[in-house]
Every structure is written in C-alpha cells, then in structure tokens.
Amino acid sequence: MNFAYSDDQKALSELASKILADKATHERIGEIEKSESGFDRELWAELAKANLLGACLPEEFGGSGLGMIELCCLLEEIGRAVAPVPFWPTLALGALPIAEFGSAAQKAAFLPGVVAGEIVLTGALEEADGDDPSRPSTRAARDGAAYRLSGTKVCVPAAHIAARVLVPASVGSGRVGLFLVDPRGSGVKLEMQRATSREPVATLRLHRAKVKAGDLLGTIARGKEMLTWIAERAITGLCALQVGVAERALRMTAKYTSERKQFNRPIGSFQAVHQRAGDAYVNLEAMRLTMQQAAFLLSEGRPAARAVSVAKILAADGGNQVTYAAQHLHGGIGMDNDHPLHRSYLWTRQIELTLGSAARHLERLGDSIADG
C-alpha cells in the first residue's frame, strides 16, 4: 500500500509549513508559553486567513471539504512547529464531530466561526479514574427537556478559550450521551493547570450543570458509536502530531551532528552516532506509516480500531525513543530547558499519555485479537 501524500496534500502541508515557519519562532513560542492563555491568536488568525482551519470542514460553512488524511497532514505541520494553537482540540474534538453528527442549528452556530478563526472548540474525553472514553463516570440525568451533568473531566485542552466543550456522559443502561457544554455556564468550574507540554489544560468540574436539549450532539441511541468515531480520529490526529514533533527533533539532531566537530571531524561521521540516529529514523518512519494506515482506513470508512491502537503504540513509544536519541546526540545542550529541542521532548511526553498510553493500547489490541 502506497500512503504517499498526493500533490494537493503536499501543497496543503507546504502552505501550513510556510505560515508556521514565519510565525511560530522559538522566541514567539516562548512568549506565548509564558502568557496566561497559552494561545497564539496572531498565528491562529493567519491559519484562518489561509482557510487551513476550515480545510476539513464542509464547503457549505466556508470550508474546503477535505478529509482525515488532510487533517493529519496539517497536524504533522503543527507538531513539527510545536505551535501553541488549539488546532487538534478544535478540529478533532469539536468541529469534526459537529460536522458529522450535529444538527443544522449546531453546525450553523459553530462551524463558520471555526473556519473564520473566531471560535475555539474542545472535548473532554479523559477522566481521572480511567482512560476508556466509552465508559465515562460523568453522569447525565434528565431535567424536563434538558439534562443535568455531574462529574469531573481532566486534562481538557483549551477549555478556558473554548466556546463549547464536548462532554461524554453516562445516561444509564450502558448508554452514553455527547453534550456541548458551555465552560462558562452555571454549574461548570474550570481549574487551570499547566501540562507537561506547557499547554494550559483544565480540570472540568460539573455539578448539576444544565445543558439544553439543543446542545445534545446526535442521539443517545448512537452515543457510543459516535464516541468511538470521535476517539479513533482524535487518537490518529495525536499520532500525526507526534510524527511532526519527532521529525522536528530528528532534523535538529541531523543538523547539529553535521556541524558539531570532535577530533577535527563532524560527530555525525562517527559510527555510534550513525547507529543511534539510524534507529531513531526507523522509529520515525514506523510512526509515520502506522499513522497513515489508520488515517487511510478512517478516510475510507473501514474498521480501524486495531490500526489506531497500533499507531498509538508506535507514536507513544517511538516518539520517546526519537527524542531520547535526539537529546543524547546533542550532548549537554540537549538537556537545556531553554533549548528548542527540549520543547519537542515535552510534547512527546504529553502526547504519549493522552487518550491512552502505549501499554493501554497494547492491552486493547490484545483483547481485540483474543476476541477474534
């Protein structure tokens, strides 16, 4: 199977790469990381101006109508730039689910704003007592035509700047509902923290938070099916981010080892460096191919659960191995917290544990194989 990107997909990546190279400089990212919002609004506006925020959204709302593979192309570039923008949560956790399952009113309310860069969305799929999004401990109870949500979600990205947070909640009898929650609504509390990646994330506490019937995404009957659809695409998107982050680290390492000299020759000419860098390259390409396989299956509407878990296993373990090798080959400077390489290390650690670690996905893959 040839997963090479088409000329149009390469052009999309090149456009994103140019904007990110111009705007997401090391100094600028450092400034944004120290800000309260952790959000580069200037870069976000440039991405919107180029219609990259709407690339994978329906044309009727101002988007380009592209698909999962194109989303992964863009996420690779975001990861390669370690750009402080909520591209993954807005698209993978918010806009794509609304585009696929939302009502006409929900689509009209949110998608044009996402395309224009005026609306940020996110999702709250993780809870402290488990990493299986399909079994939320957060509860939703009927209150007339509305619902009351109670529970706690953790590590919610961009919640403090989001117009809505997609919240899965159990509604009883093994069913799940997906609700578009206003993070500034009554009964909703955000406790802000800094993630390993220096990104602001929230613990979202819900205490009988009222959600109107019009903010239920899709139907209760299809809740688990929709949640699986979202989780598979969100995880594959994370794998694309990880490919970009790891490739950035390896390219920085190739440049450094070509210029750094020892015994009057570049250290990149030493056999031990060849071997370390070569192993890292193999890990990177394994990450890339398994991510592309998962994205291809999802874009074709084919079963992809095993491919997604394989991709996440490789992204989690491979990402760590690549950045460890990059730090090792940089020597002492690789451990400097202010060096650009350190940011890649932090991002790989954050992505590794988001929506299931390698060990968790290996367990899921084993269960799937055992079940036939």
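The values are calculated or read from the model by the stated rules, or taken from the named source; none is laboratory data. A quick note: this is a predicted structure, and the numbers were derived from the prediction, not measured. No Cβ is skipped: glycine too gets one built from the backbone with ideal geometry, and neighbour counts run over all protein chains shown. When the accessible area is computed, the model is the full protein with side chains, heavy atoms only, and any ligands, DNA or RNA have been set aside. Shrake-Rupley method; radii C 1.70, N 1.55, O 1.52, S 1.80 Å.
Regarding the stretch 114-128, can at least one residue be identified that is surrounded by fewer than 19 Cβ atoms within 10 Å (Cβ to Cβ), touching a residue at least 12 places away in the same chain (Cβ under 8 Å) and under 17 Å from the mean Cα position of the chain (by Cα)? No: the stretch 114-128 contains no residue that is surrounded by fewer than 19 Cβ atoms within 10 Å (Cβ to Cβ), touching a residue at least 12 places away in the same chain (Cβ under 8 Å) and under 17 Å from the mean Cα position of the chain (by Cα).
Report, by residue number, each residue of the stretch 31-49 that is in a loop (DSSP other than H, G, I, E, B), in contact with a helix residue (DSSP H, G or I) (Cβ under 8 Å, 6 or more places away or on another chain) and either open to solvent by 30 Å² or more (accessible area, probe 1.4 Å) or not small (Gly, Ala, Ser) (or both).
We begin by selecting, within the stretch 31-49, every residue in a loop (DSSP other than H, G, I, E, B); these are 35-40.
Checking the rest, the ones that are also in contact with a helix residue (DSSP H, G or I) (Cβ under 8 Å, 6 or more places away or on another chain) come to 37-40.
Passing the criteria: 37, 39, 40.
Tell me the residue from 343, 364 that is open to solvent by 40 Å² or more (accessible area, probe 1.4 Å), under 26 Å from residue 156 (Cα atoms) and either part of a helix (DSSP H, G or I) or not hydroxyl-bearing (Ser, Thr, Tyr) (or both), please. Write out each step before concluding.
Details: 343 fails: open to solvent by 40 Å² or more (accessible area, probe 1.4 Å).
Of the residues listed, the single one that is open to solvent by 40 Å² or more (accessible area, probe 1.4 Å), under 26 Å from residue 156 (Cα atoms) and either part of a helix (DSSP H, G or I) or not hydroxyl-bearing (Ser, Thr, Tyr) (or both) is 364.
Working only within the stretch 193-236, note down all residues that are part of a strand (DSSP E or B) and farther than 19 Å from residue 94 by Cβ. Step through it out loud before you land on a result.
As a first pass, look at the stretch 193-236 and keep what is part of a strand (DSSP E or B): 193-194, 200-211, 216-217.
Listed by number, the residues that qualify are 193, 194, 205, 207, 208, 210.
Could you go through the stretch 73-85 and let me know if any residue there is of a type in the set (D, E, K, R), part of a helix (DSSP H, G or I) and out of contact with any Gly (no Cβ under 9 Å at 6 or more places or on another chain). Looking for residues that are of a type in the set (D, E, K, R), part of a helix (DSSP H, G or I) and out of contact with any Gly (no Cβ under 9 Å at 6 or more places or on another chain), one finds none in the stretch 73-85, hence no.
Take the conditions (1) modelled with pLDDT under 95; (2) within 14 Å of the chain's Cα centre (by Cα); residue 36 misses just one of them, which is (2). Within the stretch 359-372, residues that are modelled with pLDDT of 90 or more reach partners that are outside any helix (DSSP H, G or I) with beta carbons closer than 8 Å, at six or more positions or on different chains, in the pairs 360/131; 364/356.
Condition check for residue 355 on (1) within 30 Å of residue 96 (Cα to Cα); (2) part of a helix (DSSP H, G or I); (3) touching a residue at least 12 places away in the same chain (Cβ under 8 Å): one failure, at (2). When 204, 166, 149 are screened for being closer than 24 Å to residue 40 by Cβ and either open to solvent by 50 Å² or more (accessible area, probe 1.4 Å) or in contact with a Lys or Arg (Cβ under 9 Å, 6 or more places away or on another chain) (or both), only 204 passes.
Of these, 327, 350, which one is in a helix (DSSP H, G or I), surrounded by 15 or more Cβ atoms within 10 Å (Cβ to Cβ), modelled with pLDDT of 95 or more and at negative phi?
Values: 327 fails: modelled with pLDDT of 95 or more.
Only one candidate qualifies: 350.
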